[in-house]
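Read the structure below first, then the notes.
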Amino acid sequence: MGFQIEANLIDVFNRCVRPVRVTVYDQKITAIETITTDVNNYLLPGFVDAHVHIESSLLIPSEFARMAVVHGTVATVCDPHEIANVCGMEGIQFMIQNAQQVPFKIFYGAPSCVPATIFETAGANISVNDIQQLIKLDSIYYLAEMMNFPGVLEADASVIHKLQAAICANKPIDGHAPGLKGALAANYFKHGISTDHECFTYEEAIEKIGLGVQVLIREGSAAKNFNALHPLIQHFAEQLMFCSDDKHPDSLEKGHINELVKRALKLGYDLFDVLRIACINPVLHYKLPVGLLRVGDPADFILVDNMQDFNVLNTYINGQCVASNGKTHIQSVPAIPINQFHSSEIALNTIFVEPKPEHLVIECIDGELITKKLTLSQSACNLENDVIFLGIVNRYQPAKAQFCYIKGSGIQCGAMASTVAHDSHNLIAMGTNAKDLQQAMNSLMQCKGGLSVANGSYHDVLELPFAGLMSGADAYLTTQQYKALDIYVKQVMGTTLGAPFMTLSFMALLVIPELKLSDLGLFDGQHFKFVE
């Protein structure tokens, strides 16, 4: 079956706008004819998220798709290393198979760092042999972010073998090098690594662009770098992409890559440069089978109302209308949960920090993944100075929980916990007192994963039966459940963080400096070693 659409074509390649009639037949664009008829709407290629961990949306891929298409997204470049850290190769296979059940284009990478470091306990290991097998598959489009930058710089044999496997397969390699500059950056990127989504200053991004790197402007739920990096758009549009990286469902419900397009246009950047970044560059860089509104391409495109507001009217993927006027047309599909959770409940008397004259304290920063390392002369939770408990426990086997202090959350009462804790996804929690921490953490032990809050007699849980990371329920229902937790932590518990659960999840991400907490102890991310 075929159909035709008449609209103003925003031709990104030829940098012009003209009225056309587009003919679609058998999922492809078969003709684009210039017309003289007055038309109101605008046609353009669909948006592509150049780097995302779908698991962070708390939704399985098929449910993520249902929500993303409403905003004009037709494809994502996805690193499944969250579920790989929990369930290994079986988890990657689950993500691929679930995505194939819906008309949305998800292009997976082979997770390069599972576990992310040797300084934490993960549920699985993706070996060099696994990478060599994965990277050959047609369903794997690239080697996902190489977070082990010390391994690259030191020419670790297993790291180099993984990089070589991607190079031999002629597939791109994603980078992950926050704050790396000078000779170290040059050394890192000379190994065939071609992107970085971790730039948090303009100066850092400029230096990496000079090395030929494709810089991704990230705007997720916790890490927000658009304001720092958008000046790059004016001169380096050919070396930029937009991405969300980690995006919670409430944020995805509001918008996706379309939000970055709107913001960039309001700042006065050239329309064709912005759309090149949002639609074209990811497809060309990763060699994706995504249509770019040319004759012979797959019929992947969107219809918007005007060139100022860019409100998405319709989203088409392979010629199928998958969303109209803010409503998804993709149906939910059944899925069987996959998980790994073997930890035991925590006793109240194990929740403490050993008294010392001075304590190293993690200071979290709203809107950033990096933290600061503070030294404070206090021996207990201090709400007046915004210092509370942070704890983490191995979820894959019974083990002693680790506790330290964290500053910057704003929390004044209660506790919150999560089994989304990058990248090994052990159980992480922060709170003002031991009793609430015990309740928040043990409630997740009982349901084998999720998000929770506890405050005296009040407690609530969002269960995440898929690897302790994803819900599997209707995307919009999951979003409402997540919002209830988020609102409670903000309005009742007093946090000042924009995305408290997302920020909490990154307090275990050891590859981002300065100070983080592992299930094995407090970790210095600058010197890549445990704190004595």
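The values are calculated or read from the model by the stated rules, or taken from the named source; none is laboratory data. In this text, all values refer to a predicted model and were calculated from it rather than measured experimentally. Glycine gets a Cβ as well: all are built from the backbone with ideal geometry, and neighbour counts include every protein chain shown.
The C-beta contact set for segment 421-439 (first residue touching a residue at least 12 places away in the same chain (Cβ under 8 Å), second residue among the acidic types (Asp, Glu) and part of a helix (DSSP H, G or I), distance under 8 angstrom, 6+ apart or interchain) comprises His422/Glu82; Asp423/Glu82; His425/Glu82.
Annotation note: Cβ proximity below 6 Å between a residue of segment 335-362 that is more than 17 Å from Lys400 (Cβ to Cβ) and a residue that is assigned to a helix (DSSP H, G or I) and at pLDDT 95 or above (sequence gap 6+ or interchain) occurs for Ala335/Asn98; Ile338/Cys87; Ile338/Phe94; Gln340/Val86; Gln340/Cys87.
When segment 451-475 is examined, which residues are found to be aromatic (Phe, Trp, Tyr) and surrounded by 15 or more Cβ atoms within 10 Å (Cβ to Cβ)? Don't jump to the end; show me each part of the working.
At the first step, the residues of segment 451-475 found to be aromatic (Phe, Trp, Tyr) are 458, 466.
Answer for segment 451-475, where residues must be aromatic (Phe, Trp, Tyr) and surrounded by 15 or more Cβ atoms within 10 Å (Cβ to Cβ): just Phe466.
Screening Glu198, Glu219 for residues that are among the charged types (D, E, K, R), in the same structural domain as Cys279 (by TED's automatic domain parsing) and in contact with a Pro (Cβ under 8 Å, 6 or more places away or on another chain) leaves exactly one candidate, Glu198.
Working only within segment 180-194, note down all residues that are closer than 17 Å to Pro513 by Cα and surrounded by fewer than 18 Cβ atoms within 10 Å (Cβ to Cβ). Lys181, Leu184, listed by residue number. Do you know which residues across segment 37-62 are in a helix (DSSP H, G or I) and of a type in the set (Gly, Ala, Ser)? Of everything in segment 37-62, those that are in a helix (DSSP H, G or I) and of a type in the set (Gly, Ala, Ser) turn out to be Ser56, Ser57, Ser62.
Counting only residues that are crowded, with 19+ Cβ neighbours inside 10 Å, give me the strands (runs of 3 or more DSSP E) lying completely in segment 304-394 with at least 2 of them. Reasoning before the result, please.
Details: elements: 312-317, 320-324, 359-364, 371-376, 387-393.
Filter on segment 304-394 gives 312-317, 320-324, 359-364, 387-393.
A quick yes/no check of all residues on (1) buried (at least 18 other Cβ atoms within 10 Å of the Cβ); (2) polar (S, T, N, Q):
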residue: Asp196; (1), (2): yes, no
residue: Glu204; (1), (2): yes, no
residue: Gly210; (1), (2): no, no
residue: Glu219; (1), (2): yes, no
residue: Gln234; (1), (2): no, yes
residue: Glu238; (1), (2): no, no
residue: Ser244; (1), (2): yes, yes
residue: Glu253; (1), (2): yes, no
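What residue, of Ile167, Ile96, is under 20 Å from the mean Cα position of the chain (by Cα) and in a helix (DSSP H, G or I)? Lay out the reasoning, then the answer.
Numbers: Ile167 fails: under 20 Å from the mean Cα position of the chain (by Cα).
It is Ile96.
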